[in-house]
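Participant: This is the structure I want to talk about, given as structure tokens.
Every read-out reported here was derived from the displayed coordinates using simple, explicitly stated rules and does not represent laboratory data. Every value quoted in this text rests on a predicted model; they were computed, and no experiment measured them. We place every Cβ from the backbone using ideal geometry, glycine too, and count neighbours over all the protein chains shown.
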Amino acid sequence: MIINERTFKDVYNDYFETICRFLNYYTRDYQVIEEVVQDVFVCLWEDYEGQEIQYIKTFLYNSARNRMLNYLRDEDNHTVLLEKWARIELEKNESVDCVDRELFYQLLQAAVGSLPEKCREIFILSREEQLSYKEIADVKEISVKTVENQMGIALKKIREYIAAHSDESVMIILLSLLSKNY
């Protein structure tokens, strides 16, 4: 059968409803079924106009089945990705909600306050004043390596202080906030 305007109309009228019923085995969503069948006929018209298709019924059923399976696969993938995204967002929100930021700030200030004086000054210049290690070295008239060592000591002592003064689950969250915010 050569696909032209007349044969296309005949094929459409003869097969539209039967293909819809056939796709009902894959889903009961009639809107999806009609959309898939419409796509099959659009493809038939756009890609095969003027060409001969020997087994039109087989062509239409195979095209419809393949498009429906692709649609269902894509829909499943979309659902899986959406569920994964929702789970990640929920976990993020729950982890932020379970931290008392005021308590964390007080704990952090106490940890910084417990540092040796020069170590505390370097830490404050780095984290609160946001100076680079080079700038701190220039201000304090010390080497950049000394600044690096003092920052390492400060972070280690702050972690130890927080670990000693909070429970384990809160400590993990506080330490992650410390690495991001401070």
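Participant: Could you quote the convex hull projected area for the chain, Cα atoms only and averaged over all directions, in nm²?
Facilitator: With the hull built on Cα positions only, its mean projection is 18.9 nm².
Participant: As I understand it, the value is the acute angle between the Cα axis of helix 144-164 and the longest principal axis of the Cα atoms of the chain; what does it come to in degrees, rounded to 10?
Facilitator: It is inclined by approximately 80 degrees.
Participant: Rounding to the nearest 20 debye, state how big the charge dipole of the stretch 1-125 is about its Cα centre with +1 on each Lys and Arg Cβ and -1 on each Asp and Glu Cβ. Could you put the intermediate results ahead of the total?
Facilitator: Details: 14 positive and 24 negative charges, 66 e Å.
Magnitude of the dipole: close to 320 debye.
Participant: Assuming 0.36 nm per residue, please report the length gained on full extension of the stretch Trp85 to Met1 beyond their Cα-Cα distance.
Facilitator: Stretched out fully, the Trp85 to Met1 stretch lengthens by 25.4 nm.
Participant: Take peptides 130-143, 77-90 and line them up by average Cβ neighbours within 10 Å, highest first, as a rough protection proxy.
Facilitator: 130-143, 77-90
Participant: Round to the nearest 0.05 the FRET efficiency obtained for Cys43 and Arg21 when R0 = 22 Å and r is the Cβ-Cβ distance.
Facilitator: Rounded to the nearest 0.05, the efficiency is 0.65.
Participant: With unit charges on the beta carbon (Lys/Arg positive, Asp/Glu negative), name the residue among Thr27, Ile53, Thr146 whose Cα is farthest towards the positive pole of the charge dipole of the chain.
Facilitator: Checking the options against the dipole of the chain, the answer is Thr146.
Participant: Using Cα centres only, tell me the gap between the stretch 55-81 and the stretch 121-143 in whole Å.
Facilitator: Computed from Cα coordinates, the inter-centre distance equals 62 Å.
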